[in-house]
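The values are calculated or read from the model by the stated rules, or taken from the named source; none is laboratory data. Please read these numbers as outputs of a predicted model, since none were measured by experiment. Positions of Cβ are generated from backbone atoms using ideal geometry, with glycine treated the same way; all protein chains shown enter the neighbour counts.
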Amino acid sequence: MSGNQAIWLFTGAATLFLVGTDVFIMSPLLPAISAEFGVTPAAAGWLVTVMAVMYACGSPWAGTLFDRLQERRSYVLVAGLVCFALANLGTALADSFLLLLGSRLAAGLSLAAIAPSVYAFVSGLAPANRRAAWLSVVVSGNLTGLWVGTPLGTLLAGWEGWRLPFLCIAAGSLLLALLNGRVWPKMRKNTLMPQTKRRPLCDVLRSVVVTILWSMAMYGVYTFLGTALAQQNEFTSAQLAVSLTAYGVGAMLGSLSGGRIADWIGERPVSTASLLVLVPFLSLVGTLPSSNWLYPLLFLWALVGYAFVPSYQSRLSNEYPGETGRIMSWNITGMYIGMTLGSYLGGPVYQLWGFTALALICGGFALGAGVLSMGFVGKQVRNAPPDHL
């Protein structure tokens, strides 16, 4: 790997680490925010909802713009990071709940320009036989925000209040805007690749359904995991922290290993196998065994589940040549739709039938995704020359 390639991967991973930290940090800070502004926890939860909705809705537009700008594609990413810095500064300085809500809405729109651009840059610049491995590195950066960035942000909040983490994210966004503006090479539509028509939206949506079902399976269980462990297994805060750490480490290693294996044996078998093997693991997690068995089980569940992400992203990049920004952005939208549906539908299921039934139903979502993954056939372009000047 050349020096420039290492810088690209570091920049992409660092950028998505900041994104992951911002996405996940709000949840542990909601009690302090609701107390300061005198709103109910349910009302404070809208801070997470509006950001996720704007992130999901804005991504397809930003991805399409990325594809159309050709040599000026980095403008989308840099503009997104600058706006993201301003949005987080607004969050830190908000003196009313309405202003706070508006700042999170702006943060979601900014993220819609950041994440798809990073994935599209990395996918377009990667060697054909290393694309999934490269994508796995930046995906792991995003996941590190869950198990490293969020705990660090929570510690900062405990030290100087909930506003400090957002000031740090704003400062980091400006630094990354400068870095991203300098490191990415100019890119163009590769004239040596076979020219293909813009794929119909129905094809895109059919591909994204696989991601929606995967996300429903993973996050439907994950959303209620902490509650189930506290209520049924009577886990302490320390045990919950160990459980989430085991899951986070497994997710990161699953992403890294899934990308490497996909480059070795192919994206289609890895993405499909990940979905099918996920089914029994979800069933086992639903039994909530004792901590001696649960920690390694959570690690293996995340390891298997997150192997899907880089392998499927690489597969989509091959199946949609010339439309990387578009398909990556729609894939992110699908992921957030699945997260929303999984948590929304999981609540009634958990209350009525319990955690075991929820895990079995989510296993059904994973099985459906695996079947669709086997059946969908897209046009693939391999060994394409690099997409930069």
Next item on the list: Among what's in segment 61-107 and is closer than 29 Å to GLY161 by Cα and of a type in the set (Phe, Trp, Tyr), pick the residue that is surrounded by the fewest Cβ atoms within 10 Å (Cβ to Cβ).
Entry: PHE97
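With SER283, SER243 as the choices, which residue is part of a helix (DSSP H, G or I), closer than 30 Å to ARG315 by Cβ, of a type in the set (S, T, N, Q) and in the same structural domain as GLU319 (by TED's automatic domain parsing)? Walk me through it before giving the result.
On the way: SER243 fails: closer than 30 Å to ARG315 by Cβ.
Result of the check over SER283, SER243: SER283.
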Margin query: Could you tell me how many of the residues in segment 214-242 are among the hydroxyl-bearing types (Ser, Thr, Tyr) and crowded, with 17+ Cβ neighbours inside 10 Å?
Written below: 4
Notebook entry, point to check: Among the residues of segment 69-96, which ones are aromatic (Phe, Trp, Tyr) and in contact (Cβ under 8 Å) with a residue 40 or more places away in the chain?
Noted result: PHE84
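Could you say which residue among SER34, SER27, SER74 is of a type in the set (Gly, Ala, Ser) and more than 23 Å from ALA157 (Cβ to Cβ)?
The match here is SER74.
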Next item on the list: Considering each of SER2, SER59 in turn, give the residue that is more than 18 Å from GLY153 (Cβ to Cβ), among the small types (Gly, Ala, Ser) and in contact (Cβ under 8 Å) with a residue 40 or more places away in the chain.
Entry: SER59
Notebook entry, point to check: Only one of (1) modelled with pLDDT under 85; (2) more than 19 Å from the chain's Cα centre (by Cα) is not met by THR223, so which one is it?
Noted result: (2)
Check: Hey, ARG131 hits all of (1) modelled with pLDDT of 95 or more; (2) closer than 26 Å to VAL309 by Cβ; (3) buried (at least 23 other Cβ atoms within 10 Å of the Cβ) but one; which does it fall short on?
Finding: (1)
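TYR344 - would you say it is in a helix (DSSP H, G or I), within 19 Å of the chain's Cα centre (by Cα) and within 19 Å of VAL138 (Cβ to Cβ)?
no
Being of a type in the set (Phe, Trp, Tyr), in a loop (DSSP other than H, G, I, E, B) and not assigned by TED's automatic domain parsing to the domain that holds PRO28: is that true of PHE224 here? Please lay out each step first, then the result.
Working: of a type in the set (Phe, Trp, Tyr): yes; in a loop (DSSP other than H, G, I, E, B): no; not assigned by TED's automatic domain parsing to the domain that holds PRO28: yes.
Spelling it out, it is not the case that PHE224 is of a type in the set (Phe, Trp, Tyr), in a loop (DSSP other than H, G, I, E, B) and not assigned by TED's automatic domain parsing to the domain that holds PRO28.
If you scan segment 351-368, which residues turn out to be assigned to a helix (DSSP H, G or I) and either farther than 21 Å from ALA302 by Cα or of a type in the set (D, E, K, R) (or both)? Lay out the reasoning, then the answer.
First, the residues of segment 351-368 that are assigned to a helix (DSSP H, G or I): 351-353, 355-368.
Selection gives GLN351, LEU352, TRP353.
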Notebook entry, point to check: Which one is farthest from the chain's Cα centre (by Cα) among residues in segment 258-301 that are under 23 Å from SER373 (Cα atoms) and among the hydroxyl-bearing types (Ser, Thr, Tyr)?
Noted result: SER283
